[in-house]
Amino acid sequence: MLERFVLFLHYSQQRGDVMVEGRGGEEDEKLKESYQRLYLNGTDHVLAERWQERLTSRELKVKPKTADIAGLQLADLIAHPSRREFLLENRLIADERDTFGDRICAILRGSKYLRARNGQIYGYGKKLNANKCQTSLETTGNRLMPHDLIDNRSEPPCAAFKSIVAQSVPPTR
């Protein structure tokens, strides 16, 4: 997701900042470490220089939920439905309910996701890094963490990864 943001900033010739809602302790530290690693090293597709040129801070800003920051509330409104749709598309969860989030995703698909010149979204506006997710699942007791979806590859997830995620994602009610 951060790679997409840096590319958005680059294409629009802007600079931006990154703020997240804290989850507490170790998870916050892992997010900060992941951000720092990306800022200093970049990814296979976006060099470190581009990250440093486009992001205004080398430190991730972590704010408590009690701060009730409007931008973070909006990010939650968009992130959860987007994540759900991505997991559904990759058959990592099964959920056929029609939700308000589906309408949000339709707006994102229609005009907000970065895409290739031919209109393709996957690999441009949506990406999944199976290796990082699998490593995190093994080290965090089979829980997906927000930094797991920071990505540097464009291949679709492998079948083994799908199985691991399917077991780790709690059923939707």
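Close amide H pairs (under 5 Å, H built 1.01 Å from N) link residue 23 with 28, residues at least 5 positions away or on another chain.
The C-alpha atoms of the stretch 1-120 occupy a region whose extents along the principal axes are 41, 40, 26 Å, arranged from largest to smallest. By the gyration tensor of its Cα atoms, with a ≥ b ≥ c the square roots of the eigenvalues, what is the shape of the stretch 1-42: rounded for a/c under 1.5, prolate for a/b over b/c, or oblate? Taking the square roots of the gyration eigenvalues as a ≥ b ≥ c, the stretch 1-42 is prolate.
Just so you know, all these numbers are worked out from the coordinates, no wet-lab data involved. Predicted model, so just to flag it, every value in this text is computed and none were measured.
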